[in-house]
């Protein structure tokens with residue numbers, strides 16, 4: 001459950017850092033931590049609740065894509 005709360009907090013932190021704060025570099029660090037946390041959640045949840053784990057796979061894919069976009073935007077700002 002700690003990983004779930006951590007990913008939720010990192011998600012909120014990334015959104016406010018990227019969109020409101022316009023700190024693209026800090027947002028990149030946050031989103032990488034977010035992706036690592038989501039992957040960790042998937043791995044841990046797999047042992048207890050395979051459905052919950054599988055439901056996080058699209059979320060992980062989206063965050064991976066958003067990470068690439070964040071990384072691509074960083075040099076141009």
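Throughout, read-outs are computed from the coordinates displayed, never taken from laboratory work. Because the structure is a prediction, the values reported are computed rather than measured.
By how many degrees, 0 to 90 and rounded to 10, does the Cα axis of helix 2-15 deviate from the longest principal axis of the chain?
20 degrees
Can you tell me the orientation of helix 57-73 relative to the chain, as the angle in degrees between its alpha-carbon axis and the longest Cα principal axis, to the nearest 10?
10 degrees
What Kirkwood radius, in Å to one decimal, follows from the Cα pairs of the chain?
Hydrodynamic radius (Kirkwood, Cα only) of the chain equals 12.7 Å.
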